[in-house]
Amino acid sequence: MKNIHVFLFSSFLMLFISFNANAQTAFTVNEVRQFMSKGEQNGIEITLPNSDVDKVKDALKSYGKKVKGKMISSKKSSEVFIDNAQIDAVSNNTVDIYVIVVPFNKGAKVTFFTDLGGAFVSSYAYPNQHLAMEAQVRDFAQTVALSTVSDQLKAEEKALKSLEKSLKSLEKDKSKKLKTIEKYKKSIADTEQDIIKNDADQAAKQQQIILQKQIIETIKTKKATLNY
């Protein structure tokens, strides 16, 4: 029993350490320059632990609606296009946003490229717009992280319900077995009383047998005296 408790505690500790190691409370962005559908451009990159590509793309759909843009994506491409997004902090006009989403280290790496209409946002050419887009990317990452944690919470709550159900089953099984033990105890006690009564009945029968033998011998003796 002690070993089981140690095992459970160790498992919980490893889960707690793993959860805290994967928890994302700071959203670090990096400016990168890489190739996308419009050639080599500057973009803003962020990694999202524990978030798969499909989850990120679903979040991009919501983000597209938030900035009043039209999202265009394909399962064959890692790039998502948000057409005519309205982000006042970045531009008074609409902007086009290209987002590349790829799997990365049990999570996803997301890179935003923002087209102002002929020029892409970069920290050196458009510092204010770049800072504004960094804030957009961090907000997006926070939204995805919250969704991921919510999914983890639902999964753990489901696991808790399963454990509680298993516990109730074990408690019910124990109660059933205890009732069976009590039933057998009563049966044993009744049988022991039956044995005691049986012993008494045997002793009485033995006395009756002795008496009956004596009666038979007496009759035999009487019969013998009649044969002369």
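For K109, a cut-off of 16 angstrom between C-alpha atoms picks up these lysines, skipping any fewer than 8 places away in its own chain: K55, K57. Descending by average beta-carbon neighbour count within 10 Å, the peptides 183-190, 91-98 line up as 91-98, 183-190, the highest first. Kirkwood's formula applied to the C-alpha pairs of the chain gives a hydrodynamic radius of 24.7 angstrom. Translational diffusion of segment 24-155, estimated by Stokes-Einstein from the Kirkwood radius over alpha carbon pairs at 37 °C in a medium of 0.692 mPa s, is 222 µm² per second. A simple spin-label model places the labels of Q193 and N92 10.2 nm from each other, with each point 7 Å out along Cα-to-Cβ.
Under 1.5 on a/c is rounded, so check that first for segment 111-164, then, if it is not, pick prolate when a/b is larger than b/c and oblate when it is not; a ≥ b ≥ c are the square roots of the alpha carbon gyration tensor eigenvalues. Taking the square roots of the gyration eigenvalues as a ≥ b ≥ c, segment 111-164 is prolate. Between the Cα long axis of helix 127-226 and the first principal axis of the chain there is an angle of about 0°, rounded to the nearest 10. Between L170 and N30, the modelled label-to-label distance comes to 4.6 nm, taking each label 7 Å out from Cα in the direction of the beta carbon. Stretching L116 away from Q207 to a fully extended chain increases their span by 20.9 nm, per 0.36 nm per residue minus the current alpha-carbon distance. Ignoring lysines fewer than eight residues from K223 along the same chain, the ones with Cα atoms less than 20 angstrom from its Cα are K213. Where a Cα-Cα gap under 20 Å defines reach, which lysines qualify for K183, not counting those fewer than 8 residues away within the same chain? Correct list for K183: K172, K174. A crude spin-label estimate for the pair A125 and K76, with each label 7 Å from Cα along the Cβ direction, gives 3.0 nm. Over the residues of the chain, the helix contribution to mean residue ellipticity at 222 nm works out to -22000 deg cm²/dmol, using -39500 (n - 2.57) for each DSSP H run of at least 4.
Values quoted throughout were computed directly from the atomic coordinates according to the rules given, and no laboratory measurement underlies them. Not measured: the values here are computed from a predicted model. All Cβ positions, glycine included, derive from the backbone under ideal geometry; neighbour counts span all protein chains shown.
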